[in-house]
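Let me begin by presenting the structure, written as structure tokens, before commenting on it.
No lab work stands behind these numbers, since they all come straight from the coordinates. Remember, predicted model here, so these are calculated numbers, not experimental data. Cβ atoms come from the backbone with ideal geometry, glycine included; neighbour counts cover every protein chain shown.
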Amino acid sequence: MIDLEIPIGKRTLKYRLFEMLPAFLSYGALILFVFLSLVNPTFASFYLLFIISTMLVKAVGIAFRTIQGRNRLESAQKVDWNGRLADLESPQESYEIMRNSRSKMFDISTHIENLHQIATSIEKYPKPSQIYNAVIVATYNESYEILAPTIHSVLKGSYDNKKIILTLAYEAKGGESTRENAIRLQQEFKDSFFAFNIVEHPEGLPDEVVGKGPNITYAGHYLKKWLDDAGIEYKNVIVTTLDADNRPYSSYFDYVTYEYIVHEDRKQLSYQPACLFFNNIWDAPAPMRVIATGNSFWNIISSMRPHTLRNFASHSQPMDALVEMNFWSTRSIVEDGHQYWRSYFYFNGDYTVLPIYVPIYQDAVLSDTFPKTLKAQFLQLRRWAYGASDVPYVAVRIFSKQRNVPLIAGIARLLRLLDGHVTLACVSILVAIGGWVPLFINSQAERSVAAHQLPDMVSTIQQIALIGLFITIFLTFKMLPPRPERYKRTRTFWMLAQWVLMPFTAILYSSMAALDSQGRLFLGRYLEVFDVTDKATYESVAHVKRRTKKHLLKHKS
């Protein structure tokens, strides 16, 4: 079996050099601009304009993909995926009925083609009635109030609940309250699904970071044994991992099952929904709302670019593939994105992430107090940005005599991976303040026409780029959940005014989190603990505020 693991302890020189590469490029891009501003302001101006112009071209594509992706989501949510699954049960009969359909429903022509293909090669395709969906819900110390709605959302979906095997994977280090919550939930929902298992992940197992990957991998091994005992074949099981606060769209499991059945290469596919951070968007503070909305739309945009789509947060993958790969990495705190690369190399480059155009709703960052929320948001983004740790993992396998993937395709993926992390780290800073740097740090810059006009040129480009922001704001208000009754209409105004914070959140959070993660890799100070994002509710935050107010009044008296 191919070695899929991240090295433990001392890395080889080759691995270390590639670990240092993202920081070298990101910090280097910023340092180079400052150096050019000191030495030759004209060169610095052209350097900055090249970067900003490149980003403007990307912004045009992003604006188009945003509209296209939102429309796709809207169309896919209207489809009766459960009905399409029923069509697959008797494909020949369904094809005869539908072959002349003139419906304009989402992908109806593709559905008819799928029916015809399955009817002519029926032995290659499983029936929907043979398929089970195994759902692993990972939790550390989240409360019952967070976990119960997640399980309810699975239960209330249109998929047959007696075909769902639910596993609640909880951490032993979460303590007695976590264990009690798991038992309570099992007792409450044990008759609602085909099975409801609870699995406690022990502390201190060898070769494990402290994170989600080891937890769900431990649960995966439990599930493997459970399926063996139940006599269910791995190839008939699709595994979906959910965080404690995830709410799958009602037709998600129908949709995933449909796509699993209609593709012959199903083992080499994983299925990625659009993760939208809208669950508590009305309750989160303004900076967190901006970040959550931006990340949500980036996930929508990514779904429209399948060649660049990667596993993120909640996703689904066949059980037989997971068993062969030994499930997820237990050595990475970014097991979701890393799973793409594990799968890519395991299947010798023949692996694809298939977009699922319905959402899984997640929480925006919200903790009990505003300062704790600000800190929790940074830690979450730093963890995501630590995906830069995949650069050496990918590079050493591509530039190797034992390479098992196509060289050109592998290099293209590596370059996209690098570009994404370097762009995240430095471009926001350059775009926001770069136009004034030459004039500020070099008194000779006034003599350079290019440097003197740079702030105006940058400002003009920024104004053009605002078109994309306006599109995002417009679509945000169309996709937001209804405003809770506890908020007045003025809350809607603040949901609009919040966007003035975008430059600050882009620099203080996204860029700084990326620079922090890449700097740690450069220095060999690895992140080996998964910083669990606080998951508070409106009620818990209100309780803390009341308690704090009472304490202050008592102290004053």
Answer with a single label: of (1) 70, 58, 47; (2) 76, 58, 48; (3) 78, 72, 56, which was calculated as Cα extents along the principal axes in Å from the structure in view? (3)
Could you calculate the contour length gain from PHE46 to ASN348, that is, 0.36 nm times the residue separation minus the distance between their Cα atoms, to one decimal place in nm? 104.5 nm
What does the extension gain come out to for LEU32 and ASN100, with contour length at 0.36 nm per residue minus their alpha carbon separation? 18.3 nm
Mind listing the long-range amide H neighbours of ASN197? Cut-off is under 5 Å, sequence gap 5 or more, other chains count too, H placed in the peptide plane at 1.01 Å from N. LEU166, THR167, LEU168
If you rank VAL431, VAL353 by fewest surrounding Cβ atoms within 10 Å, what's the result? VAL431, VAL353
Please give the FRET efficiency for LYS10 paired with LYS375, using the beta carbon to beta carbon distance and R0 = 25 Å, rounded to the nearest 0.05. 0.20
Please arrange ARG247, ARG525 by counting, for each residue, the other beta carbons lying within 10 Å of its beta carbon, fewest first. ARG525, ARG247
Loop-located trypsin sites (Lys or Arg not before Pro) in segment 1-37, at most 13 other Cβ atoms within 10 Å (DSSP): LYS10
To the nearest 0.05, how large is the calculated FRET efficiency for ILE183 and ILE441 if R₀ is 51 Å and r is the Cβ-Cβ distance? 0.25
Theoretical FRET efficiency, 1/(1+(r/R0)^6), r = Cβ-Cβ of ALA172 and HIS263, R0 35 Å, to 0.05: 0.35
Find, to one decimal place in angstroms, the Kirkwood hydrodynamic radius of segment 81-124, where the mean of 1/r is taken over every pair of different Cα atoms and then inverted. 10.4 Å
What is the distance, in nm, between label points placed 7 Å from the Cα along the Cα-to-Cβ direction at GLN92 and at THR110? 2.7 nm
Please order VAL500, VAL137 by the number of other Cβ within 10 Å, starting at the fewest. VAL500, VAL137
Amide H of LEU354: which non-local residues (sequence gap of 5 or more, or other chain) have their own amide H closer than 5 Å, using H built in the peptide plane? SER270, TYR271, GLN272
Mean separation of Cα contacts under 8 Å (at least 6 apart) over the residue count of segment 199-316, i.e. the relative contact order in percent, is 28 percent
Calculate the spin-label point distance for THR120 paired with GLN77, positioning each point 7 Å from the Cα along the beta-carbon direction, and give it in nanometres. 3.7 nm
Rounded to the nearest 10 degrees, the helix 144-155 long axis (Cα) sits at an angle to the longest Cα principal axis of the chain of 60 degrees
In nm, to one decimal, how far is the modelled label at ILE67 from the one at ASP3, with both set 7 Å along Cα→Cβ? 5.1 nm
Under the 0.36 nm per residue contour assumption, what length would be gained going from the current alpha-carbon distance of ILE433 and HIS307 to full extension? 42.1 nm
Pairs of alpha-carbon atoms within less than 8 angstrom and 6+ residues apart define the contacts here; what relative contact order does the chain have, in percent? 23 percent
